[in-house]
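Input: a single structure, listed below in structure tokens.
The values are calculated or read from the model by the stated rules, or taken from the named source; none is laboratory data. A quick note: this is a predicted structure, and the numbers were derived from the prediction, not measured. Cβ coordinates were reconstructed from backbone atoms using ideal geometry, including for glycine residues, and neighbour counts include every protein chain displayed. Only protein heavy atoms, including side chains, enter the accessible area calculation; ligands, DNA and RNA are left aside. Shrake-Rupley method; radii C 1.70, N 1.55, O 1.52, S 1.80 Å.
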Amino acid sequence: MGISIPSVLGQMIVFLLFVMFTMKYVWPPIMKAMEEREAKIRDGLAAAEKGKAALAEASSKSDEELKAARTQAQDIIAAANKQATQLVEKAKGDATAEQQRIIASGHAEVEQMAAQARDALRKQVADLAVSGAEQILKREVDAKAHAEILDRLAARI
Amino acid sequence: MAGDNTAAGYVTHHLEHLKAGSENGFIRFDTWHLDTLFFSTVLGLLMLTVFRIVAVRATSGVPGKLQSFVEVLVGFVDDSVKGSFHGNRGFVAPMALTIFAWVFLWNVMDLIPVDLFPILGQLIGLEYMRVVPSADMSATFALSISVFILILIYSIKGKGVGGFAKEYLTHPFGKNPLLIPANLIINTVELLAKPLSLALRLFGNLYAGELIFILIALLGMTWTGFNVMSLGLFFGQLVAGFGWAVFHILVVTLQAFIFMTLTIVYLGMAHEHH
């Protein structure tokens, strides 16, 4: 056992050289690789987080839009229903008016025809009465002289 | 085995370095521990080669198995440094990685059968061979003295020469001039204790581990033929060697970790204002 001073000095020089080598050629590249990987992983995780957030936002947005579309659809349907009801009501009203008109014109026609018939009948009755009276009063009655009386009679019938 | 064939001779032989030079005291100024220098440098080059290969092929995409392993190491060291050293890690972190991996590899040499390399060495004419660099104070002190120098550098860098001197003279007892000697003594002891404890802790653990492995290897050396005693001792060697090796897996890793962590802590303390 013993200690050799030259060996100590030699070892120290070797140690210094080894440390220099490690410091220059070993540590930096390995550290760089490790740090780069760390950064990569950190970025990856951050991107994943961001993607997740974006997805959540998009899905909530789509939900909202869906909801809006649904309400809009409901509104449109309601409006359409209302319009349809209005149309039906209007059609019904028109139809009723038309019906009334047709009925009224029918009535008017009937009345007119009845009036015509009545006039015709009246004339015939007057003719009949005149001809009957003529036959009865053939001789005494002058058609021309009594025409005024007979006309008044016919108008009263 | 080599040396004389007694147990003591075997152990002594195993604890002798392959030396260049003739001095034999405890502190040798004219002797090189060739085995320590060789093995520590080869292990260090191996480590740097693997690291460099990974660094060249490093990708920020999906890493391979080797890259994952080195990245775990780098990340672990970087976290440790981040925890204790607040400043620019550009130098300290790579140094901590070098210390951890290098000391770990030194310690791992302890798990190689104690006679393997010495026998191989003898085949090529090398009389002595110690393969565990961290069981040699030359190696552990080389690291800890380097750390000591770094502590001084970082103290001055962090606090300035004046700040460092002021802290050295007035910390921890106070500013009273009468207390300067006490402060001086305690700071000197604290400062010197750091490299000493760093080096001796690592050395002591691995030296003791190596010694135990050598002693365990002695069990089977008493082989006298197929008798109960020899077989029992042989079996004992297997069991004890296995147990000690398993325990040593912990020691190997732990000591490397402790050396690195304390280095970081010392530098962090040196760099910081109080």
Taking K and R as +1 and D and E as -1, what net charge do the other residues with C-beta under 14 Å from the C-beta of residue B:184 add up to? 0
From phi via Karplus (6.51, -1.76, 1.60), per-residue ³J(HN,Hα) for segment B:160-175 in Hz, x at Gly/Pro: x, 4, x, x, 5, 5, 4, 5, 4, 8, 10, 9, x, 7, x, 8
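Hey, which of these cross-link pairs are over 26 Å Cα-Cα: A:50/B:82; A:24/B:19; B:166/B:194; A:61/A:82; A:40/A:61?
Working: A:50/B:82 32 Å; A:24/B:19 33 Å; B:166/B:194 20 Å; A:61/A:82 31 Å; A:40/A:61 31 Å.
Pairs exceeding 26 Å: A:50/B:82; A:24/B:19; A:61/A:82; A:40/A:61.
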Dividing the helical contributions, -39500 (n - 2.57) per DSSP H run of n ≥ 4, by the residues of chain B yields a 222 nm value, nearest 500 deg cm²/dmol, of -26000 deg cm²/dmol
Taking the Cα centre of the protein assembly as shown as the origin and placing charges on Cβ (Lys, Arg +1; Asp, Glu -1), which of B:137, B:49, A:121 is farthest toward the positive end of the dipole? A:121
Two-site FRET efficiency, residue B:189 against residue B:169, from Cβ-Cβ distance with R₀ of 22 Å, rounded to 0.05: 0.90
For helix A:5-21, report the angle its Cα long axis makes with the longest principal axis of the Cα atoms of chain A; keep it between 0 and 90° and round to the nearest 10°. 20
Degrees separating the helix A:147-156 axis from the principal Cα axis of chain A, which is the longest one: 40
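Where the only charges are on Cβ atoms (+1 Lys, Arg; -1 Asp, Glu), what is the dipole of segment B:79-155 about its Cα centre, to the nearest 20 debye? Write down the numbers at each step before the final one.
Values: 3 positive and 5 negative charges, 74 e Å.
Result for segment B:79-155 is approximately 360 debye, rounded to the nearest 20.
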Just to be sure I understand: with springs between alpha-carbon atoms less than 10 Å apart, which residue in B:65, B:157, B:82 has the highest mean-square fluctuation in the Gaussian network model of chain B? B:65
Which of these, B:54, B:252, B:108, has the largest mean-square fluctuation under a Gaussian network model of chain B (Cα springs below 10 Å)? B:54
Compute the acute angle (0 to 90°) between the alpha-carbon long axis of helix B:180-221 and the principal axis of greatest extent of the alpha-carbon atoms of chain B; round to the nearest 10°. 20
Got the relative contact order for segment B:134-274 handy, in percent, Cα pairs under 8 Å and 6 or more residues apart? 37
Given the options B:129, B:229, B:260, state which has the largest fluctuation in a GNM of chain B using a 10 Å cut-off (strictly under) for Cα springs. B:229
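For segment B:61-132, what relative contact order do you get, as a whole percent, if you take Cα pairs closer than 8 Å and at least 6 residues apart? Write down the numbers at each step before the final one.
Details: 29 pairs, mean separation 15.0, N = 72.
Reported as a whole number, the value is 21 percent.
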One finds, for residue B:176 and residue A:1 with R0 = 45 angstrom and r their Cβ-Cβ distance, a FRET efficiency to the nearest 0.05 of 0.50
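Could you provide, to the nearest whole Å², the per residue accessible area of segment B:206-274 with probe 1.4 Å?
For segment B:206-274, the solvent-accessible area averages 52 Å² per residue.
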Quick shape check on segment B:19-165: root eigenvalues a ≥ b ≥ c of the Cα gyration tensor, a/c under 1.5 is rounded, otherwise prolate if a/b tops b/c, else oblate, and it reads oblate
What is the distance, in nm, between label points placed 7 Å from the Cα along the Cα-to-Cβ direction at residue A:20 and at residue B:238? 5.1
Under a Cβ-only charge scheme (Lys and Arg +1, Asp and Glu -1), can you give me the dipole magnitude of chain A about the Cα centre, in debye to the nearest 20? 500
Under a 5 Å amide H to amide H cut-off, with H placed in plane at 1.01 Å, what residues pair with residue A:4 once short-range neighbours are removed? B:28, B:138
In nm, the gap between the two label points placed 7 Å beyond Cα toward Cβ at residue A:131 and residue A:62 is 9.9
Taking each residue of A:27-40 in turn, how many C-beta atoms of other protein chains fall within 10 Å of its C-beta, and what is the average? 6
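Let me spell out the model: positive unit charges on the Cβ of Lys and Arg, negative unit charges on the Cβ of Asp and Glu, origin at the Cα centre of chain B. What dipole size does that give, in debye rounded to 20?
Working: 14 positive and 16 negative charges, 192 e Å.
With only Lys, Arg, Asp and Glu charged at Cβ, the dipole is about 920 debye.
At R0 = 60 Å, how high is the FRET efficiency between residue A:48 and residue B:30 if r is their beta carbon distance? Nearest 0.05 is fine.
Working: r = 68 Å, r/R0 = 1.13.
Here the calculated transfer efficiency is 0.35.
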At 7 Å along the Cα-to-beta-carbon direction for both residue A:122 and residue A:96, put a label point, then send me their distance in nm to one decimal. 3.9
Whole-Å distance linking the alpha carbon centroid of segment B:16-58 with that of segment B:142-162 is 24
